[in-house]
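The values are calculated or read from the model by the stated rules, or taken from the named source; none is laboratory data. Just so you know, these numbers come straight off a predicted model, no measurement behind them. Here the Cβ positions follow ideal geometry from the backbone for every residue, glycine too, while neighbour counts run over all protein chains shown. These accessible areas exclude ligands, DNA and RNA; they are computed on the full protein's heavy atoms, side chains included. Shrake-Rupley method; radii C 1.70, N 1.55, O 1.52, S 1.80 Å.
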Amino acid sequence: MKKNVLVCMAILLIASCCACEKKDGGKSMTDKNETIIGMSEEDKGKFATGISVDENAASPSGEKSVSSDGIEEQCPAEISATRSDVKYGEFTHGTYYSKTCGMERGYSILLPADYSADKKYPVLYLLHGIFGDEYSFSGDASNKIKEIVGNMAADGLIEETIVVCPNMFAATDPNQKPGFDAEACLPYDNFINDLVNDLMPYIKSEYSVRVGREDTYLAGFSMGGRETIFITLKRPELFGYVCAISAAPGVVATKDMFMSHPGQMTESEMRFADDAVVPNVFMLCCGSKDSVVGTYPKSYHELLTTNGTDHIWYEIQGADHDNNAIKSGIYNLFKKISEDKAQK
Ligand code: FER
């Protein structure tokens, strides 16, 4: 709890720094980035993978509720628990050459414990938050990714699934650093090219994966949620199941406490093309108490609704910009995959 307060204070401090920069507008990029670079690595990590939560605390609302569309806001304890009778996969690290970035780049991968080249597995591409990298999810045991995937497979709800965690900062300049300004965010918007043209083909060539859209999933947290929405709207035919968790601002133009966002598209463009093959499930969610992205995810839901784009939206009661939101999003994505595939 104390940690949460400290993190919120750090975020407010950064926000006030950004506000000051705006007042004396003439600051150079470097000056602005220095303000952000001045953040401790620990605080940057809070953006990348969420504010820490007390793992032993009850889920925020405390109650199990399943809504009419099958969403269970809180990831059930038995799904995120470490069970003695389940063998979990472990994350390992690899690299691939990215033509998009002109350099070798890293990824973390979670293979099922009994991964075998004789089987073929679905793949989830999972995108981290701002300031993160390919270690953001694998380095934070409290997001329970490997437990959720392992337990749901052990319970027969989903097939054993590979999880790939890329580095989403697809810069062409190895010295460029992420930050809260439009230019420093461009490499995140370039990730669509790295993912589609470099990483996905590499994963297909190196691992025993099912290649169709039905078995290719995309999810992301915060900045990764924003890019999940962007990539899904641009390339809806590539992914069967998608979840944007606590998506950051900037899909459409806006100004928040951190920066002015030029927008990746206009509000009316925030839809699938008329003749597009679209995901079976396109889900957006956010904690009801998100102290970093606030109501931006809800505003994306409203825009998608206005534009007639099918999607699922739900709020996780009591969750902040944290692992409770991440666990919920990942669980509900797999739950939807399980239900949808059971009908086929
Ligand atoms: C912003 C607010 C939040 C933003 C990014 C974030 C680039 C991302 C937060 C996260 O990834 O945790 O204005 O602009």
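Annotations
- About the Cα centre, charge dipole magnitude for segment 2-342 (Lys/Arg +1, Asp/Glu -1 at Cβ), debye: 200
- Between segment 216-262 and segment 311-326, the Cα center-to-center distance that results, in Å: 15
- Inter-site label distance for Val211 and Glu104 at 7 Å from Cα along Cβ, in nm: 2.6
- Among 280-288, 111-119, the peptide with the highest mean count of other Cβ atoms within 10 Å heads the list, and the full ranking is 280-288, 111-119.
- A Stokes-Einstein calculation at 25 °C with viscosity 0.890 mPa s, built on the Kirkwood radius of segment 261-344 over Cα pairs, returns a diffusion coefficient of 173 µm²/s.
- Alpha-carbon radius of gyration plus Dmax, which is the widest Cα pair, for segment 176-328 in Å: 15.2, 44
- As an equivalent ellipsoid, the chain spans semi-axes of 29, 23, 21 angstrom, where each value is the square root of five times an eigenvalue of the C-alpha gyration tensor, largest first.
- Net charge of neighbours whose Cβ lies under 10 Å from the Cβ of Cys165, counting Lys and Arg as +1 and Asp and Glu as -1: -2
- Label sites at Asp69 and Glu339, each approximated as a point 7 angstrom past Cα along Cα to Cβ, lie 1.0 nm apart.
- Å² of accessible area per residue within the chain, as computed with a 1.4 Å probe and no ligands counted: 42
- Relative contact order (%) - criterion: Cα under 8 Å, at least six apart; region: segment 2-342: 19
- Expressed to the nearest 5 percent, the antiparallel share of DSSP beta bridges inside the chain is 40 percent.
- Were the residues from Lys255 through Lys119 laid out at 0.36 nm apart, the gain over their Cα-Cα distance would be 44.2 nm.
- Label-point separation in nm, Val86 to Asp310, each point 7 Å along Cα→Cβ: 3.0
- Extension gain, Glu302 to Asn175: 0.36 nm times the residue separation minus the Cα-Cα distance gives 41.9 nm.
- Potential lengthening between Thr266 and Thr295 on full extension [0.36 nm per residue; Cα-Cα distance subtracted]: 8.6 nm
- Shown for the chain: the carbon plus sulfur share of the solvent-accessible area, taken with all protein chains present and a 1.4 angstrom probe, equals 51%.
- Neighbourhood net charge (9 Å Cβ-Cβ; Lys/Arg +1, Asp/Glu -1) for Asp320: -1
- By a 1.4 Å probe calculation restricted to protein chains, Glu78 has an accessible surface near 100 Å², given to the nearest 10.
- With 25 Å as the limit on Cα-Cα distance, the pairs of Lys144/Lys336; Lys119/Lys204; Lys44/Lys120; Lys177/Lys298; Lys44/Lys335; Lys298/Lys327 that go past it are Lys44/Lys120; Lys177/Lys298; Lys44/Lys335.
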